[in-house]
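Peer 1: Structure incoming, see below.
What follows draws every value from the coordinates through simple rules; no lab data is involved. Model, not experiment: these values are computed from the prediction. Ideal geometry is used to build each Cβ from the backbone, glycine not excepted, and the neighbour counts take in all protein chains shown.
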Number of protein chains: 2
Amino acid sequence: MVIVGGGFAGLGCAQRLADHEDVAVTLIDRNNHHQFQPLLYQVATSQLAPADVAHSLRGVFPGKENVDVKLADIAAVDPASRSVTSTDGEQWSGDALVVAAGSQPNFFGTPGAAEHSFPLYSLDDATRLRSRILGLLEQADRDPTLIDRGALNFVIVGGGPTGVEVAGAIADMIAVTVPAEYRDLDASTAHIYLLDYGDELLKPFSDKAHDYVAKVLADKGVEVRLGTGVKEVASGHAVLSDGAVLPTRCVVWGGGIKAAPVAADCDLAQGRGGRIDVSPDLTLADSRGVYVVGDVANIPGPDGTSLPQLGSVALQSGIWAADNIVADFRGKPRKPFAYRDKGIMAMIGRGAAIAAVGKRHHEIHGELAHMAWLGVHAELMTGTRARIEAFVDWAWDGFTRTGGPHVLDRTAAAAIDWDDDNEAVAGAARAGDPASR
Amino acid sequence: MVIVGGGFAGLGCAQRLADHEDVAVTLIDRNNHHQFQPLLYQVATSQLAPADVAHSLRGVFPGKENVDVKLADIAAVDPASRSVTSTDGEQWSGDALVVAAGSQPNFFGTPGAAEHSFPLYSLDDATRLRSRILGLLEQADRDPTLIDRGALNFVIVGGGPTGVEVAGAIADMIAVTVPAEYRDLDASTAHIYLLDYGDELLKPFSDKAHDYVAKVLADKGVEVRLGTGVKEVASGHAVLSDGAVLPTRCVVWGGGIKAAPVAADCDLAQGRGGRIDVSPDLTLADSRGVYVVGDVANIPGPDGTSLPQLGSVALQSGIWAADNIVADFRGKPRKPFAYRDKGIMAMIGRGAAIAAVGKRHHEIHGELAHMAWLGVHAELMTGTRARIEAFVDWAWDGFTRTGGPHVLDRTAAAAIDWDDDNEAVAGAARAGDPASR
């Protein structure tokens, strides 16, 4: 059987099936490693090194003769023949096919966002953003006039967990790293804007949690703008929905995701965000042995809505699909997916987190939530190695407070072109800076 | 005062001066991190992650108000004014100037070597080589016909420590990783060639050590060819000095280094390998307050020869220059550099190393040498953080034996173009493969 995608869903499925020696599994991914997405923001802000959140897919299955890993980019899925075809023309098929292709950033057609903003969905995204942040600090340190041109303005689009976590982490990074390491930079000249079209950050949480988040971010100096989005991103500025022009070289896109491109390409019924509609047992209607799981799937929830695109839904649906596949092979009935909601949580920065735990979403915050966050994520981590190293990094980081792996890709820093924005905008930008209004 | 270069020499100098609060130091490097060069081959072979061997330069000096770090690429050095100019036109000068610009690979004019071979001198080099090795394993796993076209032929040029260490590490990687993780690959189809024009590997060691190295490499299956070099490197093959054409997509260049380009550009007296001649006290003749240290300097040795380009020479000369600078400032005499030879050593692979320790180069090998190697390198490591993490990695690696940070840069893997070598060569290559003669 064939699994497309080595994220939480695909890897969870493959791991479950690895114990069934009579099931031959081919796991296909475009990367040779699993990316631990919940921690990508820590790579972007130099708290973790890339290797801490990436785990070799082949390394997950030592000694498992029945699991094979292939590095390929899947371009087409054919449910009728349960086959997939890579961009370079190779084909795989099997008794069962699991599509766990994940998702991609959704720019909602915002002009310039795809070209100029920094999404945070893959390890490449995280290292790109890290190099941009460090490059801006280095350049502003050498030429403080760049600060007036937005070198230390960070604009984060979207007030969900990604946006809140990135905003908090950038604020911590600037508060801690700049005074300690950049002698000629004034940390108070940095501005971190967190934008959301809605009326609350972290919407699914309670009002009390919203107050807590607002307070923590305000303490960190993050400037939160609710009811505000971005209507255009350029290389040197962002235009907000209220018309303000903000000079910036760093727009982080946490504005939403949509299903992976393969969903649209294979001509199947799609729900919200382009996700492929599946039956409660995670199979594709009118097909035999085709499962769709994780972010790419539109999975019915308990009350008729769709389950959210979360790591825990992905992991659980992948494992469930594995069990249904084994049931199929054994001639037993498939079971409808029952999502076990362990809660939702977000880190707002160093030592500050909120978590809504368990079915009834009992809320906790502060240090206890921080520990819960660590625990849940350690559990999600597939590799013991990655777990140990990430904790060494964390522990060390908490101890030294300045010691992250600040490795800047030299070419990426050089790639910031300060002559590519028109002077009119750069000049007007200062006056139009919402921060000064 | 100004220091150009954050390698062992420049960083050693800056660290020594950091304790003199009345000396203001500007440390300039093209990277924002120090690269621990002796371990780059472990990054290239997925034993260490890049962050393990890179340490933020700014992070080395927490709380040191007198040390400033700037990210810049130095294009010109003017000894008369003790000033340096960056590629983007900024200038720095001071009472003292330390040039510690390091070295670069020396291809000795070998056609195609600069374009197609993989040197191992910087962190970028190491991650490029890592992606190439992993990319070849992935591609050969998917398409075994590529093995006949050289996908698993690794050609290492140069039998010094770099060449020997890379050859041993690639052999270990293939012996351990391929059977464990690449189900469809046959490790015995891989060939690792180690070439050297001379008549011995690791020339400075004794005959007994040479026998040991030869035995260890033979046990690992490395094919050593002495009296043999490479006369041309192309994208899909290497032409050896004996005329043999070897199909390969991975030629590792350990064939020598020369002084950094700035040495040739600043019109100073140069010795072997383009190194800048310095007086015994590490100053430049006919200048005031200009020091040249580390690999870029041609430092007189005790017996009239030049000191070798080693990490320990660089570190010690940098520290020595700092002491002479302080002496200058205090109106005291400078002292001639006295190199304390702690020995030379090389790792030949997992658990096998040789070391010639102390002034009389008492030789040890095997596990004891391995420990000595670890100890010396741990001592050279500037950052406690990097030290701890590297040891976690090592310990973990020794425990699991397959668990390195095999993170493949996807774009780098895709960059291997199998259509770019002419068919005649690819066809002829098999017959001309020296391994089959």
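Peer 1: For residue B:73, which sequence-distant residues (separation of 5 or more, or a different chain) have an amide H within less than 5 Å of its own amide H, given hydrogens modelled in the peptide plane?
Peer 2: B:87, B:88
Peer 1: How big is the gap, in Å, between the Cα center of the stretch B:37-52 and the Cα center of the stretch A:75-134?
Peer 2: 29 Å
Peer 1: Let me ask another. Taking each residue of A:336-345 in turn, how many C-beta atoms of other protein chains fall within 10 Å of its C-beta, and what is the average? The partial results should precede the final answer.
Peer 2: Values: counts 0, 0, 0, 0, 0, 0, 0, 0, 0, 0.
For peptide A:336-345, the averaged partner shielding equals 0.
Peer 1: Once you average over the residues of A:53-60, how many Cβ atoms of partner chains fall within 10 Å of each Cβ?
Peer 2: On the way: counts 1, 5, 4, 11, 2, 11, 10, 1.
Rounded to a whole number, the mean comes out at 6.
Peer 1: When A:173, A:345 are ordered from fewest to most other Cβ atoms inside 10 Å of their Cβ, what list results?
Peer 2: Working: A:173 27, A:345 23.
Sorted ascending by nearby Cβ count, the order is A:345, A:173.
Peer 1: Please report, for residue B:265, the nm distances (one decimal) from its label point, 7 Å out from Cα along the beta-carbon direction, to the equivalent points in the remaining copies, shortest first.
Peer 2: Nearest to farthest, the other copies are at 4.4 nm.
Peer 1: Work out the mean other chain Cβ neighbour count within 10 Å for the residues of A:141-148 and drop it here as an integer. Intermediate results must be reported in sequence, preceding the final value.
Peer 2: On the way: counts 5, 6, 2, 0, 0, 0, 0, 0.
Partner-chain Cβ atoms within 10 Å, mean over residues of A:141-148: 2.
Peer 1: Go through the stretch B:55-60 residue by residue and turn each phi into a ³J(HN,Hα) via Karplus (6.51, -1.76, 1.60, θ = phi - 60°); whole Hz please, and just put x for glycine and proline.
Peer 2: Along the stretch B:55-60, the couplings run 10, 3, 4, 5, x, 6 Hz.
Peer 1: R0 = 30 Å: FRET efficiency of residue B:80 with residue A:186, Cβ-based, nearest 0.05? Don't skip to the answer; put the middle values down first.
Peer 2: Numbers: r = 35 Å, r/R0 = 1.18.
Between residue B:80 and residue A:186 the formula returns 0.25.
Peer 1: Here is a follow-up. Let me check against my output: what whole-number percent is the relative contact order of the stretch A:1-158, with C-alpha pairs under 8 Å and at least 6 apart?
Peer 2: On the way: 229 pairs, mean separation 40.3, N = 158.
Relative contact order comes out at 26 percent.
Peer 1: Using the crude model of +1 on Lys and Arg Cβ and -1 on Asp and Glu Cβ, and no other charge, please compute the dipole size for the stretch B:185-316 relative to its Cα centre, in debye to 20.
Peer 2: On the way: 11 positive and 17 negative charges, 40 e Å.
It comes to approximately 200 debye.
Peer 1: Can you list residues whose amide H is under 5 Å from residue B:238's amide H, if they're 5+ apart or on another chain and H is modeled 1.01 Å from N?
Peer 2: B:246, B:248
Peer 1: Name the long-range amide H neighbours of residue B:343: under 5 Å, sequence gap of 5 or more, or other chain; modelled H, no Pro or chain starts.
Peer 2: Amide H to amide H, under 5 Å and 5 or more residues apart or across chains, residue B:343 pairs with B:358.
Peer 1: Along the charge dipole of the stretch A:101-237, pointing to its positive end and built from +1/-1 on Cβ of Lys, Arg, Asp and Glu, which listed residue (A:111, A:127, A:101) has its Cα farthest out?
Peer 2: A:101
Peer 1: With the label 7 angstrom out along Cα to Cβ, how close does residue A:87 come to the same site in each of the other copies, in nm, nearest first?
Peer 2: Distances between equivalent label points, in nm: 2.8.
Peer 1: Next question. Shortest first, in nm, what separates the label point of residue A:186 from those of the same position in the other copies (7 Å along Cα→Cβ)?
Peer 2: Listed shortest first, these distances are 7.0 nm.
Peer 1: Which entries of A:70/B:215; B:258/B:332; A:203/A:342; B:203/B:231; B:208/B:258; B:231/B:258 show an alpha-carbon separation above 24 angstrom in the structure shown? Working shown, then result.
Peer 2: Working: A:70/B:215 36 Å; B:258/B:332 34 Å; A:203/A:342 18 Å; B:203/B:231 21 Å; B:208/B:258 30 Å; B:231/B:258 19 Å.
Going by Cα-Cα distance, A:70/B:215; B:258/B:332; B:208/B:258 fall outside the 24 Å limit.
Peer 1: Which value in nm describes the separation of the simple spin-label points at residue B:88 and residue B:206, placed 7 Å from the Cα toward the beta carbon?
Peer 2: Modelled inter-label distance: 5.4 nm.
Peer 1: Based on Cβ point charges of +1 for Lys and Arg and -1 for Asp and Glu, what charge dipole magnitude is obtained for the stretch B:37-112 about its Cα centre, in debye rounded to the nearest 20? Provide the component values of the computation, followed by the final result.
Peer 2: Working: 4 positive and 8 negative charges, 39 e Å.
That gives the stretch B:37-112 a dipole magnitude of about 180 debye.
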